[in-house]
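Notes follow the structure.
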Amino acid sequence: MGNTSWIWPSLAGCFLSLSVAASTGHGWLKDLAFTIWIATGVVIGMAFHKSFVTFPPWFFGLGDRELTVLFIPVLQIIMFAMGTTLSIADFTRVFKMPTGVLIGLVCQFTIMPLIGFCLANAFGLPPEIAAGLVLVGCSPSGLASNVMAFIAKANVAMSVTMTAFSTLLAPLLTPLLMSVLAGELVEIDVPKMMWTMTKIVLLPVLAGLVFHHLIYHRLKWLERVMPMVSMVGILIMTVLTVAIGRDKLMQIGPLLIVACVIHSTAGFGLGYFVCRLLGRDQLTCRTIALEVGLQNSGMAAGLAKELGKVATLGLVPIVFGPVMNVIASTLANWWRTHPVKTEP
């Protein structure tokens, strides 16, 4: 009948139903729940567009520019929630496994940035979108790596420790790496970016760490609530970014998806094999592979907002997020069904 306005809203409803089913399901479907929710956020973001009259006008009356003010508060809440899951033991644990953690951190801030740089130059994307590939690569690991390490039956303690340290190092290393690798694609003010990351990443994580020691242990129900807070925050950022950058995403979406698949897959693969070449055991290699391939795409999207480039620079983190989670979920479930044999 030529009426296509119902397509995206209908898809959004289908994905939302699937997400609820996954969250309340069992086995492999429940393990994929986080990935399915992120994919749902992408579809909802595609539906939240001014050209679709099926959505209430008051939502669009806010305007794209006003909606972006939610980015930083939401990201700070996510980082705070992440901080509440950490403890001093997660930092002191480095003394028990210094070599593995050091290898993981070096891989984190070398493999992914360099792959992003190579892809940015190879795919011929617009400069600001190409810079987004570098930005994702220069970001630290996120909470998803800890979840996937648990599913894969890898070394969760090492994963948490690496996530904690990479997050604390990010305000220093991410701006410097961006300046070196993406300085010709987009203007990078290193001191300003360092301060921005301190405000939206470091300070909320430290506040969450303090909260963990003063209050968190007294309220056990927070252990169930805070991961959900992080997930809802990531979902909100996904919806907003996709909605704002929808037109651009429709133009270059397929090419960007291919670039993100290569980026993420190479991160998992090189993270694992570099670790094996350095003589680490399989359990450590699996942990480091997940840590390297899974980036904090929410933080990258928040930085894009601060640079005023949500619709371009911010598109890559949102595409990268679902892609990396699909690949990681598949890998983690494979490793779970193929446990590590005790090495002599």
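What follows is calculated from the coordinates using simple rules that are stated; it is not laboratory data. These numbers come from a predicted model, not from an experiment. Virtual Cβ from ideal backbone geometry, glycine too; neighbours counted across all protein chains shown.
On the basis of the beta-carbon distance and an R0 of 25 Å, Glu187 and Ile72 show a calculated FRET efficiency of 0.80. Among the cysteines of the chain, Cys14, Cys107, Cys118, Cys138, Cys260 have no other cysteine beta carbon within less than 4.7 Å of their own. For the chain, adding -39500 (n - 2.57) for each run of n ≥ 4 DSSP H residues and dividing by the number of residues yields -24000 deg cm²/dmol at 222 nm. For the pair Ala21 and Thr92 in one chain, pulling the backbone fully straight at 0.36 nm per residue adds 21.6 nm over the alpha carbon distance.
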